[in-house]
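Q: Shown below is the structure under consideration.
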Amino acid sequence: MRLILLGPPGAGKGTQAQRLVEKHGIPQLSTGDMLRAAVQAGTEVGKRAKAVMDAGELVSDAIVNAIVAERIDQANCAKGFILDGYPRTLVQADAVEQMLAERGIGLDTVIELVVDDRALVGRIVKRAEDAKAAGQPVRKDDNPAVFEERLREYYKKTAPLTGYYYAKGRLKTVDGMASIDAVTAEIEAVLAAAAQGAESVN
(Lines give C-alpha, C1' and ligand atoms only; values in the text may rest on other atoms or scores of the structure.)
Protein backbone atom coordinates (compact mmCIF):
# COMPACT_ATOMS: atom_id res chain seq x y z
CA MET A 1 0.00 0.00 0.00
CA ARG A 2 1.54 3.26 -1.17
CA LEU A 3 -0.35 6.42 -0.41
CA ILE A 4 -0.04 10.19 -0.08
CA LEU A 5 -1.85 12.22 2.57
CA LEU A 6 -2.78 15.74 1.48
CA GLY A 7 -4.28 18.57 3.49
CA PRO A 8 -3.33 21.93 4.98
CA PRO A 9 -1.33 22.24 8.21
CA GLY A 10 -3.44 21.29 11.22
CA ALA A 11 -5.68 18.95 9.20
CA GLY A 12 -4.54 15.93 11.21
CA LYS A 13 -2.32 14.21 8.63
CA GLY A 14 0.33 13.32 11.22
CA THR A 15 -2.20 11.74 13.59
CA GLN A 16 -3.79 9.67 10.83
CA ALA A 17 -0.41 8.67 9.38
CA GLN A 18 0.62 7.32 12.80
CA ARG A 19 -2.56 5.24 13.01
CA LEU A 20 -1.90 3.84 9.54
CA VAL A 21 1.67 2.94 10.56
CA GLU A 22 0.40 1.07 13.62
CA LYS A 23 -2.37 -0.78 11.76
CA HIS A 24 -0.64 -1.64 8.48
CA GLY A 25 3.01 -1.84 9.54
CA ILE A 26 4.27 0.45 6.80
CA PRO A 27 6.53 3.47 7.45
CA GLN A 28 5.48 7.12 7.42
CA LEU A 29 7.95 9.07 5.31
CA SER A 30 8.31 12.75 6.15
CA THR A 31 10.95 14.82 4.38
CA GLY A 32 12.32 16.27 7.64
CA ASP A 33 12.91 12.81 9.12
CA MET A 34 14.36 11.50 5.85
CA LEU A 35 16.75 14.46 5.54
CA ARG A 36 18.00 14.04 9.11
CA ALA A 37 18.44 10.26 8.63
CA ALA A 38 20.35 10.70 5.36
CA VAL A 39 22.66 13.31 6.91
CA GLN A 40 23.25 11.12 9.98
CA ALA A 41 23.93 8.03 7.85
CA GLY A 42 26.42 10.02 5.76
CA THR A 43 24.99 8.81 2.44
CA GLU A 44 26.14 10.58 -0.73
CA VAL A 45 22.91 12.55 -1.00
CA GLY A 46 22.96 13.13 2.78
CA LYS A 47 26.39 14.78 2.45
CA ARG A 48 25.03 17.04 -0.31
CA ALA A 49 22.06 17.99 1.88
CA LYS A 50 24.32 18.70 4.88
CA ALA A 51 26.55 21.01 2.84
CA VAL A 52 23.51 23.00 1.69
CA MET A 53 22.00 23.19 5.20
CA ASP A 54 25.34 24.13 6.76
CA ALA A 55 25.49 27.03 4.32
CA GLY A 56 22.08 28.15 5.61
CA GLU A 57 20.38 27.48 2.28
CA LEU A 58 17.18 25.62 1.43
CA VAL A 59 17.58 22.04 0.24
CA SER A 60 16.69 21.85 -3.47
CA ASP A 61 13.95 19.71 -5.00
CA ALA A 62 16.66 17.59 -6.65
CA ILE A 63 18.21 16.69 -3.29
CA VAL A 64 14.85 16.07 -1.59
CA ASN A 65 13.73 13.86 -4.49
CA ALA A 66 17.01 11.91 -4.32
CA ILE A 67 16.56 11.36 -0.57
CA VAL A 68 12.99 10.11 -1.08
CA ALA A 69 14.15 7.76 -3.87
CA GLU A 70 16.93 6.43 -1.62
CA ARG A 71 14.47 5.93 1.27
CA ILE A 72 11.80 4.01 -0.68
CA ASP A 73 14.49 1.54 -1.79
CA GLN A 74 14.99 0.46 1.83
CA ALA A 75 13.65 -2.93 2.88
CA ASN A 76 10.90 -1.68 5.19
CA CYS A 77 9.24 0.16 2.28
CA ALA A 78 8.81 -3.05 0.26
CA LYS A 79 5.19 -3.49 1.46
CA GLY A 80 4.40 0.19 1.04
CA PHE A 81 4.73 3.60 2.66
CA ILE A 82 2.87 6.78 3.54
CA LEU A 83 4.14 10.08 2.12
CA ASP A 84 3.24 12.90 4.51
CA GLY A 85 4.24 16.47 3.62
CA TYR A 86 5.75 15.37 0.30
CA PRO A 87 5.23 16.04 -2.54
CA ARG A 88 4.63 19.71 -1.77
CA THR A 89 4.71 21.03 -5.34
CA LEU A 90 3.73 19.93 -8.85
CA VAL A 91 7.44 19.55 -9.70
CA GLN A 92 7.88 17.15 -6.78
CA ALA A 93 4.69 15.29 -7.76
CA ASP A 94 6.12 14.69 -11.24
CA ALA A 95 9.34 13.44 -9.62
CA VAL A 96 7.36 10.95 -7.47
CA GLU A 97 5.61 9.61 -10.57
CA GLN A 98 8.96 9.16 -12.30
CA MET A 99 10.75 7.47 -9.39
CA LEU A 100 7.87 5.01 -8.86
CA ALA A 101 7.63 4.27 -12.60
CA GLU A 102 11.37 3.52 -12.67
CA ARG A 103 10.78 0.90 -9.96
CA GLY A 104 7.72 -0.57 -11.64
CA ILE A 105 5.39 0.47 -8.84
CA GLY A 106 2.62 3.03 -8.50
CA LEU A 107 0.59 4.95 -5.95
CA ASP A 108 -2.48 3.18 -4.64
CA THR A 109 -4.33 6.30 -3.64
CA VAL A 110 -4.04 9.95 -2.62
CA ILE A 111 -6.23 10.97 0.32
CA GLU A 112 -7.04 14.62 0.93
CA LEU A 113 -8.25 15.65 4.39
CA VAL A 114 -10.79 18.37 3.60
CA VAL A 115 -11.09 20.97 6.34
CA ASP A 116 -12.61 24.36 7.16
CA ASP A 117 -9.82 26.94 7.41
CA ARG A 118 -11.55 29.10 10.04
CA ALA A 119 -12.23 26.05 12.18
CA LEU A 120 -8.57 25.06 11.80
CA VAL A 121 -7.44 28.42 13.20
CA GLY A 122 -9.80 27.88 16.14
CA ARG A 123 -8.36 24.39 16.57
CA ILE A 124 -4.78 25.62 16.86
CA VAL A 125 -5.74 28.46 19.22
CA LYS A 126 -7.41 25.88 21.47
CA ARG A 127 -4.34 23.63 21.22
CA ALA A 128 -2.14 26.53 22.36
CA GLU A 129 -4.50 27.32 25.25
CA ASP A 130 -4.59 23.66 26.32
CA ALA A 131 -0.79 23.48 26.24
CA LYS A 132 -0.48 26.63 28.38
CA ALA A 133 -3.08 25.34 30.86
CA ALA A 134 -1.16 22.06 31.17
CA GLY A 135 2.11 23.93 31.71
CA GLN A 136 3.53 22.60 28.44
CA PRO A 137 5.47 24.63 25.87
CA VAL A 138 3.35 26.10 23.07
CA ARG A 139 4.46 25.04 19.58
CA LYS A 140 5.76 27.90 17.43
CA ASP A 141 3.21 26.96 14.76
CA ASP A 142 0.36 27.32 17.27
CA ASN A 143 0.27 31.06 16.71
CA PRO A 144 -2.61 32.31 14.51
CA ALA A 145 -0.40 34.70 12.46
CA VAL A 146 2.27 32.02 11.84
CA PHE A 147 -0.40 29.43 11.11
CA GLU A 148 -2.23 31.63 8.61
CA GLU A 149 1.05 32.26 6.78
CA ARG A 150 1.59 28.48 6.56
CA LEU A 151 -1.97 28.13 5.22
CA ARG A 152 -1.30 30.71 2.49
CA GLU A 153 1.91 28.89 1.56
CA TYR A 154 0.00 25.60 1.37
CA TYR A 155 -2.70 26.99 -0.94
CA LYS A 156 -0.13 28.65 -3.17
CA LYS A 157 2.19 25.65 -3.63
CA THR A 158 0.54 22.41 -2.50
CA ALA A 159 -3.21 22.79 -3.07
CA PRO A 160 -2.75 22.46 -6.89
CA LEU A 161 -1.83 18.80 -6.23
CA THR A 162 -5.50 18.02 -5.61
CA GLY A 163 -6.29 18.81 -9.26
CA TYR A 164 -3.17 16.97 -10.40
CA TYR A 165 -4.18 13.72 -8.67
CA TYR A 166 -7.89 14.16 -9.44
CA ALA A 167 -7.01 14.27 -13.15
CA LYS A 168 -5.15 10.97 -12.72
CA GLY A 169 -8.18 9.40 -11.01
CA ARG A 170 -6.29 8.83 -7.76
CA LEU A 171 -7.72 11.51 -5.44
CA LYS A 172 -10.12 10.55 -2.66
CA THR A 173 -11.45 13.05 -0.14
CA VAL A 174 -12.18 12.53 3.55
CA ASP A 175 -13.92 14.92 5.96
CA GLY A 176 -11.01 16.11 8.09
CA MET A 177 -13.36 18.02 10.43
CA ALA A 178 -14.93 14.80 11.74
CA SER A 179 -13.68 13.16 14.94
CA ILE A 180 -10.26 11.49 14.82
CA ASP A 181 -11.86 8.02 14.96
CA ALA A 182 -14.37 8.89 12.22
CA VAL A 183 -11.57 10.17 9.95
CA THR A 184 -9.62 6.95 10.57
CA ALA A 185 -12.67 4.84 9.69
CA GLU A 186 -13.25 6.83 6.49
CA ILE A 187 -9.59 6.46 5.46
CA GLU A 188 -9.75 2.70 6.07
CA ALA A 189 -12.90 2.49 3.91
CA VAL A 190 -11.09 4.35 1.09
CA LEU A 191 -8.10 1.98 1.35
CA ALA A 192 -10.34 -1.10 1.37
CA ALA A 193 -12.13 0.12 -1.77
CA ALA A 194 -8.77 0.86 -3.46
CA ALA A 195 -7.48 -2.63 -2.61
CA GLN A 196 -10.69 -4.21 -3.95
CA GLY A 197 -10.38 -2.18 -7.14
CA ALA A 198 -6.76 -3.29 -7.59
CA GLU A 199 -7.73 -6.95 -7.14
CA SER A 200 -10.51 -6.73 -9.73
CA VAL A 201 -8.04 -5.24 -12.24
CA ASN A 202 -5.47 -8.03 -11.70
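Q: Exactly one of (1) surrounded by fewer than 19 Cβ atoms within 10 Å (Cβ to Cβ); (2) without any contact (Cβ under 8 Å) to a residue 24 or more places away in the chain is unmet by MET1. Its number?
A: The number of the failed condition is (2).
Q: For region 53-68, does any single residue satisfy the condition of being in contact with a Gly (Cβ under 6 Å, 6 or more places away or on another chain) and either among the basic types (Lys, Arg) or over 14 Å from ILE111 (Cα atoms) (or both)? Can you show your working first?
A: Narrowing region 53-68 to residues in contact with a Gly (Cβ under 6 Å, 6 or more places away or on another chain): none.
No - not one qualifying residue is present in region 53-68.
Q: Within region 139-182, restricting attention to residues that are hydroxyl-bearing (Ser, Thr, Tyr) and exposed (fewer than 15 other Cβ atoms within 10 Å of the Cβ), which residue is farthest from the chain's Cα centre (by Cα)?
A: The selected residue is SER179.
Q: Here's a follow-up. Can you go through TYR86, TYR166 and tell me which one is touching a residue at least 40 places away in the same chain (Cβ under 8 Å) and among the aromatic types (Phe, Trp, Tyr)?
A: Working: TYR166 fails: touching a residue at least 40 places away in the same chain (Cβ under 8 Å).
Being touching a residue at least 40 places away in the same chain (Cβ under 8 Å) and among the aromatic types (Phe, Trp, Tyr) holds for just one of TYR86, TYR166, which is TYR86.
Q: Something else: Checking the conditions here, which among ASP94, ASP181 is assigned to a helix (DSSP H, G or I), at pLDDT 90 or above and closer than 17 Å to GLY14 by Cα? Steps first, please.
A: Working: ASP94 fails: closer than 17 Å to GLY14 by Cα.
Sole residue among the options that is assigned to a helix (DSSP H, G or I), at pLDDT 90 or above and closer than 17 Å to GLY14 by Cα: ASP181.
Q: Shifting gears a bit: Considering only residues that are among the hydrophobic types (A, V, I, L, M, F, W, C) and more than 22 Å from the chain's Cα centre (by Cα), look in region 40-67 and name the one that is surrounded by the fewest Cβ atoms within 10 Å (Cβ to Cβ).
A: ALA55
Q: Is it fair to say ALA37 is surrounded by 14 or more Cβ atoms within 10 Å (Cβ to Cβ), of a type in the set (Gly, Ala, Ser) and over 28 Å from ARG152 (Cα atoms)? Before the answer, list the steps.
A: Numbers: surrounded by 14 or more Cβ atoms within 10 Å (Cβ to Cβ): yes; of a type in the set (Gly, Ala, Ser): yes; over 28 Å from ARG152 (Cα atoms): yes.
It is true that ALA37 is surrounded by 14 or more Cβ atoms within 10 Å (Cβ to Cβ), of a type in the set (Gly, Ala, Ser) and over 28 Å from ARG152 (Cα atoms).
Q: Still on this structure, please answer the following. Given the condition assigned to a helix (DSSP H, G or I), loosely packed, with under 15 Cβ neighbours inside 10 Å and modelled with pLDDT under 90, answer yes or no: does some residue in region 68-75 qualify?
A: No, region 68-75 has no match at all.
The values are calculated or read from the model by the stated rules, or taken from the named source; none is laboratory data. This structure is a prediction, so every number in the text was calculated from the model and none was measured. Here the Cβ is made from the backbone with ideal geometry for all residues, glycine too, and neighbour counts use every protein chain on show.
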